[in-house]
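Reviewing the structure listed below.
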Amino acid sequence: MIPIHISVQTEDFDVNAQMQQLRQGNSGIGAIAAFVGLVRDLNEGCKVSNMTLEHYAGMTEKSLADIAEQAKMRWSLQGISIIHRVGELQPTEQIVLVLTASAHRHAAFDAAQFIMDYLKSQAPFWKKEVTPDGARWVDARESDEKALTRWQA
């Protein structure tokens, strides 16, 4: 049984500490792929002063766990960690962390990309950006939906 860590939280995360936790006591890990998403200060040509992320507690964690389980069934993994922040975030702040551990790099890379593609389009998060023109809700991008097609074969 591979360890899967899921957290939806307001506080920031330490990437190195999360990596150490994932690999602790597992000498079979030969690769860890990491993705860290950051809040940008520009989106669709508009300056963004901050972003607020909302979610449904319980439902969101279950959705992330389901995505991790799908990745575990597709690749030979030794651990998965997904952390997603919610609440008000400022540009340059960390928003999401995905770590995938495996014996070899290809499985770790592919699984991390799969998790992010599903997270961006399937996980129940709602983003509101504040711009000079006011606040606006951000929909999933068409490119995020299109990215899923490569995994649906």
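The values are calculated or read from the model by the stated rules, or taken from the named source; none is laboratory data. The structure presented is a predicted model; accordingly, all values stated were derived computationally and were not measured. Note that we place each Cβ from the backbone using ideal geometry, even for glycine, and neighbour counts take in every protein chain shown.
Of note:
- Residue list for segment 62-85, filter: part of a helix (DSSP H, G or I) and charged (D, E, K, R): LYS62, ASP66, GLU69, LYS72, ARG74
- Qualifying residue in segment 37-53 (condition: in contact with a Gly (Cβ under 9 Å, 6 or more places away or on another chain), within 24 Å of GLN152 (Cα to Cα) and crowded, with 18+ Cβ neighbours inside 10 Å): no
- Looking only at segment 1-41, and only at residues there that are of a type in the set (S, T, N, Q) and without any contact (Cβ under 8 Å) to a residue 60 or more places away in the chain, the one that is farthest from SER63 (Cα to Cα): SER27
- Yes/no for ALA101 being surrounded by 14 or more Cβ atoms within 10 Å (Cβ to Cβ), in a helix (DSSP H, G or I) and modelled with pLDDT of 95 or more: no
- When TYR118 is tested against (1) within 19 Å of ALA140 (Cβ to Cβ); (2) in a strand (DSSP E or B), only condition (2) is not met.
- So ALA111, is it touching a residue at least 24 places away in the same chain (Cβ under 8 Å), more than 21 Å from THR10 (Cβ to Cβ) and outside any strand (DSSP E or B): yes
- Of residues in segment 1-22 being in a loop (DSSP other than H, G, I, E, B) and modelled with pLDDT of 95 or more, the one surrounded by the fewest Cβ atoms within 10 Å (Cβ to Cβ): GLU11
- Residues in segment 23-61 that are under 14 Å from the mean Cα position of the chain (by Cα) and assigned to a helix (DSSP H, G or I): 2 in all.
- Selected residue (only one of GLU88, GLU129 is more than 12 Å from the chain's Cα centre (by Cα), surrounded by 18 or more Cβ atoms within 10 Å (Cβ to Cβ) and either modelled with pLDDT under 95 or not in a helix (DSSP H, G or I) (or both)): GLU129
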